[in-house]
1. Say R0 is 41 Å: what FRET efficiency, to the nearest 0.05, do K135 and K22 get from their beta-carbon distance?
2. For the residue pair V33 and T91, what label-to-label distance in nm results when each label sits 7 Å from Cα along the Cα-to-beta-carbon direction?
3. Using the Kirkwood formula over every pair of different C-alpha atoms, what hydrodynamic radius in Å results for region 35-77?
4. Ordered by residue, what ³J(HN,Hα) values in Hz, to whole numbers, does region 47-55 give under the Karplus form 6.51 cos²θ - 1.76 cosθ + 1.60, where θ = phi - 60° and Gly and Pro are x?
5. Report the gain in length on full extension from M69 to N7: 0.36 nm times residue separation, minus Cα-Cα distance, nm rounded to one decimal.
6. So which of K22/K133; K62/K94; K9/K94; K35/K62 end up more than 30 Å apart by C-alpha?
7. Can you give me the accessible area per residue for region 12-111, using a 1.4 Å probe, in Å²?
8. Counting alpha carbon pairs within less than 8 Å and at least 6 residues apart, what relative contact order, in whole percent, applies to region 12-111?
Amino acid sequence: MDGEVPNIKRWVVLYPIYINSKKTIAEGRRIGVSKACENPTCAEIGDCCSHLKLPFAIEIDKAYPRDFMQRGRVRVLLKKEDGTLSNPAITSRKQMMLRIAELVPRHPGRTKKQEPASSSTAGPSKSGKGGRKKK
């Protein structure tokens, strides 16, 4: 375990904001809006990394520096210590972000999660309770 900790520190860091289509470039997005996905989570990114056969480690306790309310990040091993690529199909950070953003919308947990969300927004309209009373 002690030998593994220094290795993880050298891995590439991937915050979910980097591939979030809801964020602007100033807020931290690093790929184009058309290629980005909507509100990815660390767990979804981790599953995509395992699908791409990239070693990864999820750090839940870490926060994105520009927005400390965004919790979690994923560390990914692109190159091994000897300099060879973990997955020869992915050669750069940008390419990794694009591939992961492509896979996240097809994540099995995502299709179940978005169905109830769409029905709740189109659900009951605003009730007459609350707000200022008219005289």
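The values are calculated or read from the model by the stated rules, or taken from the named source; none is laboratory data. Note that the structure is predicted; figures quoted are calculated from it, not measured. Cβ coordinates were reconstructed from backbone atoms using ideal geometry, including for glycine residues, and neighbour counts include every protein chain displayed. These accessible areas exclude ligands, DNA and RNA; they are computed on the full protein's heavy atoms, side chains included. Shrake-Rupley method; radii C 1.70, N 1.55, O 1.52, S 1.80 Å.
1. Once the sixth-power term is evaluated, E becomes 0.50.
2. 3.1
3. Evaluated on region 35-77, it is 11.0 Å.
4. In residue order, the calculated couplings are 5, 5, 5, 5, 5, 7, 6, 10, x Hz.
5. Full-extension gain reported as 19.6 nm.
6. Details: K22/K133 36 Å; K62/K94 22 Å; K9/K94 19 Å; K35/K62 25 Å.
Beyond 30 Å: K22/K133.
7. Values: 5520 Å² over 100 residues.
Per-residue value: 55 Å².
8. On the way: 163 pairs, mean separation 29.6, N = 100.
For region 12-111, the relative contact order is 30 percent.
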